[in-house]
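Participant: Would you mind keeping the following structure in view while I ask a few things?
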Amino acid sequence: MSDKIRQIQSHGQSIWMDYISRDMLTSGELVRLIYNGITGVTSNPTIFEKAISGSTDYDEDLAALAKQNSDTLAVYESLTLADIRTAADLLRPVYSETQGCDGFVSLEVNPALAHNTDDTIEEAKRLSAELDRPNVMIKVPGTEEGMPAIQHLISQGINVNVTLIFSLDAYAKVREAYIAGLEERSRAGYPVDRVASVASFFISRVDTAVDALVEQSNEPEGLFGSAAVANAKLAYDAFRRTFRTERFDRLRAQGAQVQRPLWASTSTKNPQYSDLLYVEPLIGPDTVNTMPPATFEAFLDHGKVASTLEDGIEGAHKTMQSLQHLNIDLNRVTDILLSEGTAAFRDSYEKLLTNLDSKIRELSIPARR
């Protein structure tokens, strides 16, 4: 295992890879990453769009699937489900060694369902059944309509990665949905010890949006690049308070796991900032950082490891107060980010299906959209 990852794990944080592709699975790259200490994989429609549309790695399977007269959506699902199963199988030893606390791979429900509770539940159940792996998480967006879906899926014993969390208010609802789902499952007489969930808090996009507003205010440079980490630190403070209550202690006594915060969107978008701005300040117990390959390599090369997440809570509150002083409404900012995030994933999903249509035509194989 990499010394850097060993160090970060000693502080209670897991490192996941925010990327998946067929070549990564067949070349042995994921095996190498697991050997180096990676304990999970996350995917989303944008990642799959780049992996499938941007390579020829899937063409052989694509041709075979299209010959079966499957429609394009069925072809897409066959390709992605195969990758998720393979990744889950490669991570299964990690899942076993950690007794179900780590070793997960995530797949997102159709992003067009982000505001449809019933269809999200139905699709999540179907995907979970078709994948048939205990170390798969189904990604459900943290929209208002997603909250009851999260609670129901947890009550049914389905692992959930709650994605696209930007605001502290939404995160409070996510924690409630998880705990309420476990309580519902416990009351029904089912075990709660192997139900896992992470709350994916998106980081870098917050700074991108807030920095633009700070620049318009002509304020001193001290606030630039500070909102995202402050937001995450306050989220972690809320996480600690929620999962140290008597309410959760009753579930913990039955073997329930905490719902770990997962830091997502951790690549630095502003080249003037450190390439590890969303890694080094966010290291702490019971957390996950999912990194794209470039950020992961930067971390291995020059990352500094220390327990930093619980430091600076007072400073985080001051950052939020300073933003309020500038009349920057962070709730409005995060609402817009959630809307843009769901739209971006939906667009990537549609773009991928369109590109699959094109590839099928190039291979001179008929298929139905």
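The values are calculated or read from the model by the stated rules, or taken from the named source; none is laboratory data. The shown structure was predicted, so the numbers you read here are calculated from the model rather than taken from an experiment. For neighbour counting, all protein chains shown are included, and Cβ atoms are generated from backbone atoms with ideal geometry for every residue, glycine included. For accessibility, only protein heavy atoms count, side chains too; no ligands or nucleic acids. Shrake-Rupley method; radii C 1.70, N 1.55, O 1.52, S 1.80 Å.
Participant: Out of the range 176-208, which residues are open to solvent by less than 30 Å² (accessible area, probe 1.4 Å) and under 21 Å from Thr266 (Cβ atoms)?
Facilitator: Of everything in the range 176-208, those that are open to solvent by less than 30 Å² (accessible area, probe 1.4 Å) and under 21 Å from Thr266 (Cβ atoms) turn out to be Ala196, Ser197, Val198, Ala199, Ser200, Phe201, Phe202, Ile203, Ser204, Val206, Asp207.
Participant: Right, something else. Tell me, yes or no, whether the range 269-280 has at least one residue that is small (Gly, Ala, Ser) and either under 18 Å from the mean Cα position of the chain (by Cα) or at pLDDT below 95 (or both).
Facilitator: Within the range 269-280, not a single residue is small (Gly, Ala, Ser) and either under 18 Å from the mean Cα position of the chain (by Cα) or at pLDDT below 95 (or both).
Participant: Continuing with the same structure: Can you name every residue in the range 1-30 that is among the acidic types (Asp, Glu) and in a loop (DSSP other than H, G, I, E, B)? Spell out how you get there, then give the answer.
Facilitator: First pass over the range 1-30, keeping only residues among the acidic types (Asp, Glu): 3, 18, 23, 29.
Selection gives Asp18 alone.
Participant: In this structure, does Val198 turn out to be closer than 22 Å to Arg240 by Cβ, touching a residue at least 12 places away in the same chain (Cβ under 8 Å) and not in a helix (DSSP H, G or I)?
Facilitator: Working: closer than 22 Å to Arg240 by Cβ: yes; touching a residue at least 12 places away in the same chain (Cβ under 8 Å): yes; not in a helix (DSSP H, G or I): yes.
In short, yes.
Participant: Okay, next question. Working only within the range 12-29, note down all residues that are within 14 Å of Val105 (Cα to Cα) and under 18 Å from the mean Cα position of the chain (by Cα).
Facilitator: Ser14, Ile15, Trp16, Met17, Asp18, Tyr19, Ile20, Ser21
Participant: Quick check on the range 173-187. Is at least one of its residues under 18 Å from Arg332 (Cβ atoms) and either part of a helix (DSSP H, G or I) or not small (Gly, Ala, Ser) (or both)?
Facilitator: Yes, there is a match, as at least one residue in the range 173-187 is under 18 Å from Arg332 (Cβ atoms) and either part of a helix (DSSP H, G or I) or not small (Gly, Ala, Ser) (or both).
Participant: Among the listed residues Ile158, Ile154, Ile150, which satisfies the condition of being assigned to a loop (DSSP other than H, G, I, E, B), buried (at least 23 other Cβ atoms within 10 Å of the Cβ), touching a strand residue (DSSP E or B) at 6+ places or on another chain (Cβ under 9 Å) and at pLDDT 95 or above?
Facilitator: Testing whether each residue is assigned to a loop (DSSP other than H, G, I, E, B), buried (at least 23 other Cβ atoms within 10 Å of the Cβ), touching a strand residue (DSSP E or B) at 6+ places or on another chain (Cβ under 9 Å) and at pLDDT 95 or above leaves just Ile158.
Participant: Select from the range 94-122 the residues that are within 21 Å of Leu33 (Cβ to Cβ) and without any contact (Cβ under 8 Å) to a residue 40 or more places away in the chain and write down the one among them that is least open to solvent (accessible area, probe 1.4 Å).
Facilitator: Restricting to residues being within 21 Å of Leu33 (Cβ to Cβ) and without any contact (Cβ under 8 Å) to a residue 40 or more places away in the chain, the top hit is Ser96.
Participant: If we scan the range 73-80, do we find a residue that is assigned to a helix (DSSP H, G or I), closer than 23 Å to Ala264 by Cβ, at pLDDT 95 or above and open to solvent by 10 Å² or more (accessible area, probe 1.4 Å)?
Facilitator: So far as the range 73-80 goes, no, none of its residues is assigned to a helix (DSSP H, G or I), closer than 23 Å to Ala264 by Cβ, at pLDDT 95 or above and open to solvent by 10 Å² or more (accessible area, probe 1.4 Å).
Participant: Shifting gears a bit: Of the numbered conditions (1) on the phi > 0 side of the Ramachandran plot; (2) not in a loop (DSSP other than H, G, I, E, B), Gly100 satisfies every one except a single condition; which is it?
Facilitator: All conditions pass for Gly100, except number (2).
Participant: Let me ask something else. Name every residue in the range 226-267 that is closer than 24 Å to Ala344 by Cα and not in a helix (DSSP H, G or I), in order of residue number.
Facilitator: Those that are closer than 24 Å to Ala344 by Cα and not in a helix (DSSP H, G or I): Pro261, Leu262, Trp263, Ala264, Ser265, Thr266, Ser267.
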